[in-house]
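Only one structure is covered here, and it is reproduced in the block below.
Read the figures in this text as sums done on the coordinates, not as results from a lab. Fair warning: this is a prediction, and the values are worked out from it, not measured in the lab. In this analysis, Cβ positions are derived from the backbone assuming ideal geometry, glycine residues included, and neighbour counts consider all displayed protein chains.
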Amino acid sequence: MEGELAHIGAGLAAIGSGAAAIGVGNVAGNYLAGALRNPSAAASQTATLFIGIAFAEALGIFAFLVALLLMFAV
Amino acid sequence: MATETNSAEAASAPGMPQLDFSTWGNQIFWLVIALIAIYFVLSRMALPRIAAILAERQGTITSDLAAAEDLKVKAQEAEAAYDKALVDARAEAHRIVGEAKAEIQSDLDAAIAKADAEIAAKAAESEKAIAEIRAGALDAVKEVAADTAKEIVSAMGGKADAKAISSAVGARLKG
Amino acid sequence: MATEAKGEEAGLVFHPMDQFIIKPLFGDGAITWYTPTNAALWMGFAVIAVIVLMLLGSSKRSIIPSRSQSVAELAYGFIYKMVEDICGKEGVKYFPYIMTLFMFIVCANFLGLIPTAFTPTSHFAVTVVLAMAVFLTVTILGFVKNGAGFLSLFWVSSAPLALRPILAIIELISYFVRPVSHSIRLAGNVMAGHAVIKVFAGFAVITLVSPVSVVAITAMYGLEVLVSFIQAYVFTILTCVYLKDALHPHH
């Protein structure tokens with residue numbers, strides 16, 4: 001019973017990965033919009049883009065980690 | 001279901017091998033060795049060498065660019081010299097052509113003048129000849145006319161006075 | 001690795017995590033701190049890859065680079081420019097350290113993509129050490145360079161005075177979460193990719209689904225190649241950003 005609840009929890013935690021996907025898409029989309037408005041400034045901001053993507057994705061990875069912990073470690 | 005089979009197969013490891021803390025010491029030990037090895041290889045050998053290569057290439061490129069600049073200047077100078085030589089040569093050619101033309105013209109003029117003179121002389125000569133011939137012809141006509149007139153006069157029965165006849169013929173011819 | 005599903009169509013058996021099990025290379029004994037394991041083997045391969053790429057690749061010192069030499073120069077220029085852009089001139093001193101991190105992570109990630117390979121960077125033990133090394137270096141360096149002035153990193157002088165204590169607490173928390181997210185991001189991404197590939201491989205048991213499964217594995221593999229590089233890049237660039245905070249703590 002407890003294990004099954006853990007599995008349900010893991011599935012719920014996996015939703016977080018989808019949320020992170022939205023976040024990453026937001027970052028990349030806004031970057032693209034900005035880059036199209038001002039293409040000359042785009043190249044200098046790719047590092048910032050990747051940092052932003054990394055931060056947004058980190059939280060999704062946390063959710064994934066929680067799911068894994070619930071699946072395998074509980 | 002995965003948990004059961006997992007724990008059955010690998011009893012020593014929990015579901016996530018990452019959380020098996022008994023292997024952490026081992027991994028950290030080997031990781032530190034690997035990092036130290038990479039650090040020494042990079043900082044002592046690879047990075048200075050690559051930096052030297054890049055600096056050397058930069059130097060080569062800079063000196064090559066300078067040499068290219070020099071060569072370009074030289075090429076421009078050579079081009080200017082060539083252009084100048086070309087202009088000079090053209091002027092010289094013009095001059096030579098002009099001289100030749102003038103010479104030819106003067107020769108031509110002289111030849112024409114000579115030819116004209118010759119032609120004039122020849123024309124005068126022939127005119128003289130023509131005049132002589134004409135004078136000759138006139139005399140002959142006079143003689144023939146006088147003879148003819150004498151014959152006619154004698155045939156008509158008159159006694160012809162040679163002097164009167166020739167003067168009459170001469171008067172007629174003139175008229 | 002005993003990850004292949006058992007073959008009965010009735011019971012799909014996934015062992016996505018079995019590929020991360022650490023085993024001794026020789027024999028079957030317990031793992032002590034010096035036992036040569038598969039993790040040690042693949043870290044060794046990563047070291048060899050770095051040596052081959054950076055040392056042997058540049059050994060000819062040619063002005064017109066060969067293929068391997070231009071890859072080495074590309075990696076050098078890439079990281080050097082990153083360090084210089086983000087940390088400024090003072091950061092160039094720490095360039096070999098950052099280069100070490102980048103080369104190790106990128107080589108380990110790419111070698112881990114070889115089928116049946118082991119990926120050291122998928123283990124928290126490895127990434128936590130890497131991230132803690134960065135965290136401790138940056139913190140100690142910050143205090144050594146700036147003394148107590150390093151604490152101004154948490155005191156946001158541009159905010160209204162009333163907000164500053166609250167912001168200071170938030171900044172402090174975010175500062176201490178850095179090594180956590182720094183390490184988990186790398187290990188999590190690599191582990192997630194490998195585990196997902198294994199899960200798709202598990203579906204290949206069903207005859208009807210197997211073509212889809214093969215296509216999905218191929219697609220995931222392509223994504224993983226991308227992720228391998230991007231995570232190494234992100235790890236390195238975040239190291240640079242943290243280092244910049246230590247060198248210039250004022251916002």
Practice prompt. Scan region C:60-79 for residues that are surrounded by fewer than 21 Cβ atoms within 10 Å (Cβ to Cβ) and in contact with a helix residue (DSSP H, G or I) (Cβ under 8 Å, 6 or more places away or on another chain) and report the count.
Written response: 10
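Conditions (1) surrounded by 14 or more Cβ atoms within 10 Å (Cβ to Cβ); (2) over 30 Å from C:Phe95 (Cα atoms), marked per residue:
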position	(1), (2)
C:Val144	no, no
C:Phe154	yes, no
C:Ala162	no, yes
C:Ile184	yes, no
C:Gly188	yes, no
C:Phe200	yes, yes
C:Val215	no, yes
Worksheet entry | Members of region C:24-64 found to be among the β-branched types (Val, Ile, Thr) and either within 9 Å of another protein chain (Cβ to nearest Cβ) or in contact with a Leu (Cβ under 6 Å, 6 or more places away or on another chain) (or both), listed by number | C:Ile31, C:Thr32, C:Thr35, C:Thr37, C:Val47, C:Val50, C:Ile51, C:Ile63, C:Ile64
Worksheet, complete the sentence: Of C:Glu73, C:Glu90, the only residue that is closer than 20 Å to B:Gln58 by Cα and acidic (Asp, Glu) is C:Glu73
Discussion item. Quick test for you: out of B:Gln18, B:Gln58, pick the one residue that is within 14 Å of chain A (Cβ to nearest Cβ) and in a helix (DSSP H, G or I).
Written reply: B:Gln18
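Residue-wise test of (1) charged (D, E, K, R); (2) within 60 Å of the chain's Cα centre (by Cα).
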residue: B:Gly15; (1), (2): no, no
residue: B:Ser22; (1), (2): no, no
residue: B:Gly25; (1), (2): no, no
residue: B:Val32; (1), (2): no, no
residue: B:Ile36; (1), (2): no, no
residue: B:Leu47; (1), (2): no, yes
residue: B:Thr62; (1), (2): no, yes
residue: B:Val73; (1), (2): no, yes
residue: B:Glu79; (1), (2): yes, yes
Worksheet entry | Near pairs, Cβ below 8 angstrom, 6+ apart or cross-chain, from region C:223-251 (more than 16 Å from C:Ser181 (Cβ to Cβ) and in contact (Cβ under 8 Å) with a residue 24 or more places away in the chain) to any residue that is of a type in the set (Asp, Glu) and part of a helix (DSSP H, G or I) | C:Leu247/C:Glu90
Worksheet item: Listed residues C:Ala192, C:Ala159; which is free of Cβ contacts under 8 Å to residues at least 24 places away in the same chain, part of a loop (DSSP other than H, G, I, E, B) and either of a type in the set (Gly, Ala, Ser) or closer than 30 Å to C:Val126 by Cβ (or both)?
Response: C:Ala159
Worksheet entry | helices (runs of 4 or more DSSP H) fully within chain A counting 3 or more residues that are within 14 Å of chain B (Cβ to nearest Cβ) and more than 20 Å from the chain's Cα centre (by Cα) | A:2-37
